[in-house]
C-alpha cells in the first residue's frame, strides 16, 4: 500500500522570493501613492486660492472696483477658516499671503490682471511700527521672500487677478516699502541706512567734522567715528548739488559699525558715491567706501576700492567695473553676495560676477576703509545694507530709487 505524503510548506527560498516581490511592488507603488497624495493637496490648495481670489474680486465689485487695503484684507472677505488652510501646511491657521501691492488699488488701474498675483503660498508675521518703519500685517506679502516654495515639490500655488490659479516655480515679484516717508522701496532685511541728505542724522562740529552718522533703518546700527582727530567732513555740495560725507584717505578717518551680520549667509550693499582718485593698477593704496564685512575661504577681503574697480585685497587682482568711467562723477554701486553668487553693479549695469567664491558675513562693516592702511578717498551720499541677497527685481527698484533721489 503506498505511503501518503503530507502537504509541503514554503521553503526559505520561496519565502524570500515572495518577500522580494512584495518589496519591489511597494517600491513601485509607494511613490505613486505619495504623488497621488501630493496631487490631492495641490488640488485642495488650488481650490482654496480660487475661492479666496473670487472673494477679493466680489469685495471689489461691492466697493467701487477697489480692492481691500492690506491691513483689513483678510477680515474683509470673511471666509471659512478651512479655506485658509493649506493641506501641506496644516499647522497654519492662514497659509496664504495677500499681495501688498494691491492695497486699495482700483481694478481698472491694473493693465495686465492675468500677470498680477493676488494670493500665494506664504507666511508673514506682523511687525510693530517704529520711528522709521510702518507696521506690517499678518499674511501680507511685502516682498518675494514672503512667498514659500517648499510646500509643493519646490513650487508654489499663486492666484491672479483675472481669476486663474496655477502651480508655478516663479515667485511673484512684489515690493512694498515699510519705510516712513520717501524711504527705500525694499525694507525687509534692511540693517543700515545712512543718508547724507538728512542733516539731522549727522552729528558734526563747527568745521563740519562728523563724529556720528545715525542709522535711519530703525535697527540703531549707528556709524561712529573710529578714533583720533581725523574725521570725515560733511559738505552740502559734496556730490554735485547734493550733500555727502567726504573722506580724504586719512588714517583713522573712518566709521565703525556694530556687527549686525552675525549669522547671515548673504548680504547686499547699495550706495551712492563719488571717488576723488583712482589707485594705480596693481596697487592697494586707496581703500573702499565700505569694507571688511566679508571674507572668502582664503580669508581675503572682498570689497569696493573705487567706482571703477572691484578688488580682492588678498592679491593684486583688479576687476574693472566699466570702461571709460568718469571717476569725477557721482555713481551708484550695488554689491550682492550669497553663497556661490557674487555680483557687482555700477549704475545699473553688471560689472563683475563670480559663482566660485563662498562668502562669510561675520565681521562688522567699516565705512571709509577695509582696515588699517587702506582708506577711502572720495564722498559718500547714501548706504543701504541688507542682511540678505536681494533679488534682481528688488535691486532694480532700489537703483531706480537712488537714481531719482540723487539725480543720476
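The values are calculated or read from the model by the stated rules, or taken from the named source; none is laboratory data. Everything numeric in this text was worked out from a predicted model, so none of it was measured. Note: ideal-geometry Cβ built from the backbone for every residue, glycine included; neighbour counts use all protein chains shown.
Residues that are modelled with pLDDT of 80 or more, over 22 Å from the mean Cα position of the chain (by Cα) and closer than 24 Å to residue 254 by Cβ: find the strands (runs of 3 or more DSSP E) completely inside the stretch 294-406 holding 2 or more of those.
Passing ranges, in order: 377-386.
Could you tell me whether residue 118 is outside any helix (DSSP H, G or I), under 15 Å from residue 163 (Cα atoms) and in contact (Cβ under 8 Å) with a residue 24 or more places away in the chain?
Taking the combined requirement at face value, the residue satisfies it.
Return the only residue of 200, 218 being assigned to a loop (DSSP other than H, G, I, E, B) and either on the phi > 0 side of the Ramachandran plot or at pLDDT 85 or above (or both).
218
Filter the stretch 59-77 for residues that are in a loop (DSSP other than H, G, I, E, B) and under 32 Å from the mean Cα position of the chain (by Cα); which is surrounded by the fewest Cβ atoms within 10 Å (Cβ to Cβ)?
72
Name the residue, out of 145, 130, that is under 17 Å from residue 176 (Cα atoms), within 22 Å of the chain's Cα centre (by Cα), at pLDDT below 90 and part of a helix (DSSP H, G or I).
145
Just to be sure before I move on: is residue 112 crowded, with 17+ Cβ neighbours inside 10 Å and out of contact with any strand residue (DSSP E or B) (no Cβ under 6 Å at 6 or more places or on another chain) in the structure I sent?
Taking the combined requirement at face value, the residue does not satisfy it.
Please go through the stretch 133-142 and give me each residue that is under 21 Å from residue 42 (Cβ atoms) and more than 17 Å from the chain's Cα centre (by Cα), ordered by number.
Passing the criteria: only 139.
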